[in-house]
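Colleague: This is the structure I want to talk about, given as C-alpha cells.
The values are calculated or read from the model by the stated rules, or taken from the named source; none is laboratory data. A quick note: this is a predicted structure, and the numbers were derived from the prediction, not measured. Cβ atoms come from the backbone with ideal geometry, glycine included; neighbour counts cover every protein chain shown.
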Amino acid sequence: MGEIIKVGMADLKTCKAPDGLITLGLGSCVGVAMWDPLTRIGGLLHLMLPDSKAISSPTTKIEKFADTGIDEMVKQLIVLGANRSRLVAKIAGGATMFQIQSRNDIMKIGERNVQATIEKLNQLNIRLLAQDTGENYGRTVTFFPETGEFHIRAIGHDNKII
C-alpha cells in the first residue's frame, strides 16, 4: 500500500499505483475518479459546480467546475503517462443535502453537478463504469488506481466499493 493523498474541495490530484487518493465530505459536490487501468495512473477531482461559464472570474480555480476540472484532469493524467483512449471513470456524491420546497434548479446543485459530470465524460468519450450519486447524505471517498476500486463511506450507511 502506498501513500494516500488528500484532495481538498475544488481540488484535483493525480498519482501512480500503489498510491491512492481521498476526498472528504462530498455533499452536493461530485468526486470524479479517473484512471488508465493499464498504467494504473489515476486522478481524483472534487468539483463543486457544474459549469464554469456561469461564473466569470479569472481568479476562480478551474478544479471547481465539472467542465474545466475534468478537462484539466485528463491533461494531467496524460502528462503523467496515462493513455487518453484507455481512460475510464467512476463518480460519487451529488447529494441533495437540504430539502427545500422549490422548483428553482439552482437548489438542485447536486443533481446538476452529476448531470454536468456525465455529460462532460460522454463528450470526451470517457466511459463511466460506476456511480454512487444522489440521495441526501455526504460521502467520503478513497480511490485506488491500482485496482480501480472507489471506496465510499457515509455516516449511517454501509461502506461500499464501486
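Colleague: Go through region 1-49 and count every residue that is among the basic types (K, R), part of a strand (DSSP E or B) and touching a residue at least 40 places away in the same chain (Cβ under 8 Å).
Modeller: We begin by selecting, within region 1-49, every residue among the basic types (K, R); these are 6, 13, 16, 40.
Then drop every residue that is not part of a strand (DSSP E or B), which leaves 6, 13, 16.
Now narrow it down to the ones that are touching a residue at least 40 places away in the same chain (Cβ under 8 Å): 16.
Residues that pass the stated criteria total 1.
Colleague: Turning to a different aspect of this structure: So which strands (runs of 3 or more DSSP E) stay within region 63-156 end to end and still have 3 or more residues that are touching a residue at least 60 places away in the same chain (Cβ under 8 Å) and crowded, with 22+ Cβ neighbours inside 10 Å?
Modeller: Details: elements: 88-93, 127-133, 139-144, 149-153.
The strands (runs of 3 or more DSSP E) meeting that bar are 88-93, 139-144.
Colleague: Let me ask something additional. Right, P58: at pLDDT 95 or above, of a type outside the set (A, V, I, L, M) and part of a loop (DSSP other than H, G, I, E, B) or not? First the steps, then the outcome.
Modeller: Details: at pLDDT 95 or above: no; of a type outside the set (A, V, I, L, M): yes; part of a loop (DSSP other than H, G, I, E, B): yes.
No: the conditions fail for P58.
Colleague: Determine whether Q123 is out of contact with any strand residue (DSSP E or B) (no Cβ under 9 Å at 6 or more places or on another chain), over 18 Å from G25 (Cα atoms) and at pLDDT 95 or above.
Modeller: In short, yes.
Colleague: Could you check region 1-59 and list, in sequence order, the residues that are in contact with a Lys or Arg (Cβ under 9 Å, 6 or more places away or on another chain), polar (S, T, N, Q) and under 22 Å from D132 (Cβ atoms)?
Modeller: Of everything in region 1-59, those that are in contact with a Lys or Arg (Cβ under 9 Å, 6 or more places away or on another chain), polar (S, T, N, Q) and under 22 Å from D132 (Cβ atoms) turn out to be T23, S28.
Colleague: Residues in region 76-83: is at least one within 13 Å of the chain's Cα centre (by Cα) and either under 23 Å from A17 (Cβ atoms) or at pLDDT 95 or above (or both)? Working first, answer last.
Modeller: Of all residues in region 76-83, those within 13 Å of the chain's Cα centre (by Cα) come to none.
The answer is no; no qualifying residue exists.
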